[in-house]
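Accompanying notes for the structure given below.
The values are calculated or read from the model by the stated rules, or taken from the named source; none is laboratory data. Keep in mind it's a predicted model, so treat the numbers as computed, not measured. For neighbour counting, all protein chains shown are included, and Cβ atoms are generated from backbone atoms with ideal geometry for every residue, glycine included. Only protein heavy atoms, including side chains, enter the accessible area calculation; ligands, DNA and RNA are left aside. Shrake-Rupley method; radii C 1.70, N 1.55, O 1.52, S 1.80 Å.
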Number of protein chains: 2
Amino acid sequence: MATKKQTLQTKRRALSSAGLRMTRQRALILDIISQGHEHLDADEVYRLARERKPSLSLSTVYRNLQTLKKLGLVKELHFDESHHHYEAKPSAEHHHLICLGCGKIVEVECGLSHKMRQEIAREKGFEVTGVEVHMTGYCAKCRQKGK
Amino acid sequence: MATKKQTLQTKRRALSSAGLRMTRQRALILDIISQGHEHLDADEVYRLARERKPSLSLSTVYRNLQTLKKLGLVKELHFDESHHHYEAKPSAEHHHLICLGCGKIVEVECGLSHKMRQEIAREKGFEVTGVEVHMTGYCAKCRQKGK
DNA sequence: ATGGCTGCAAAAGTTTTGCACTTCT
DNA sequence: AGAAGTGCAAAACTTTTGCAGCCAT
């Protein structure tokens, strides 16, 4: 199971070809974001990272999130809050359902968004590079509780 | 053309039934947001409003945007920025295309998002109350310039 | 009149930046 | 060696809040 080391190599190459370096801090941040717990905000990344490297500074987290976003290794999400959330760039495009009752965020894959993308590209002459879909509502659990 | 006065009445009723009042400031803010220039952020609303009522305070703008959002008269958008944007709640659901070249924001109506909504509701047991779709890319003009 | 609303000022929260020093490559 | 990256502290921005007085109903 050399998977983790392999993806690190892939990422190192991605960085390198942009003249960027793989520092300990950057690797740590990348690792945390790739770790599975998604939709972290900058501060959550910071706190998790400090568990492993207490000297890390918050500005480094912000700077790296920017860098990794530009590089396309990390995706920035804009939920209904005054700060951003981040997730590892997923292999398959997926979108987010946000429960207004319990705050839970569910990911959904949706074949339709691809079609939507094409339709809009054609209709407006746009070259679409990214799609972000957020739906808000109430999850099954909260619907029962509420009524 | 009593349209404007009519919609103001409608809004006054919406407020009233929630125990809220139609103040001069609130009417002003509503008017600015309904005015057509959309996707304003709080500060832009503030600046436009002050042209007509210089004593208005920024906190009042923020408080009213919150109130009107809860009431459903105004919609909050979350673009790729560290602050929010607002638009009048539209009659027809529409979504946003953001050009990464020139920053222009284009609105699109999209029949597919309705279908997407249903599909997801069924699949995940969610009751969907709102959908926000953002696409980023390059508009026709920027595509030509770029290449 | 009374409860919502406003303006002001201050606080809280998020993100960026300048600078001297360190560390990858 | 040299450019990119880091930590720290301070600044810049966005948004929220407490409070005394005001105003719509």
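For this structure, a couple of remarks:
- Vicinal HN-Hα couplings computed from phi for region A:122-133 (Karplus, 6.51 cos²θ - 1.76 cosθ + 1.60; Hz; Gly/Pro x): 5, 5, 10, x, 8, 9, 8, 9, x, 10, 10, 10
- Over the C-alpha trace of the protein assembly as shown, radius of gyration and Dmax come out as 21.6, 72 angstrom.
- Once the Cα atoms are used to define both axes, helix B:42-52 deviates from the longest principal axis of chain B by about 40 degrees.
- Of the residues A:LEU65, A:SER16, A:PHE126, the one whose Cα sits farthest toward the positive end of the charge dipole of region A:13-142, with +1 on the Cβ of Lys and Arg and -1 on the Cβ of Asp and Glu, is A:SER16.
- The A:ALA92 and A:ARG21 beta-carbon pair, evaluated with R₀ = 35 Å, returns a calculated FRET efficiency of approximately 0.75.
- Candidates A:LEU58, A:LEU73, A:LEU112, ranked by Gaussian network fluctuation over chain A, Cα under 10 Å, top entry: A:LEU112
- Taking every protein chain into account, the 1.4 Å probe leaves B:VAL133 with about 0 Å² of accessible area, to the nearest ten.
- Here the mean projected area of the convex hull built on the C-alpha positions of region A:4-88 is 5.3 nm².
- With contacts taken as Cα pairs under 8 Å and at least 6 residues apart, region A:4-88 reaches a relative contact order of 30 percent.
- Relative to the dominant Cα principal axis of chain A, helix A:58-71 is inclined by about 70°.
- Viscosity 1.306 mPa s, 10 °C: Kirkwood-radius Stokes-Einstein D of chain A over Cα pairs, µm²/s: 92 µm²/s
- MRE, 222 nm, helices only [DSSP H, n ≥ 4, -39500 (n - 2.57), over the protein assembly as shown, to nearest 500]: -15000 deg cm²/dmol
- Rg/Rh ratio calculated on Cα atoms of region A:95-146 (Kirkwood radius): 1.16
- The amide H of A:VAL131, built 1.01 Å from its N in the peptide plane, has B:THR136 as neighbours under 5 Å, considering only residues 5 or more places off or on other chains.
- In the context of the full set of protein chains, residues of region A:71-147 present 50 Å² of accessible surface per residue (probe radius 1.4 Å, heavy atoms only).
- Region B:48-136: trypsin sites (Lys or Arg not before Pro) in DSSP loop, at most 14 other beta carbons within 10 Å: B:LYS104
- Rounded to 10°, Cα long-axis angle of helix B:3-16 versus longest principal axis of chain B: 80 degrees
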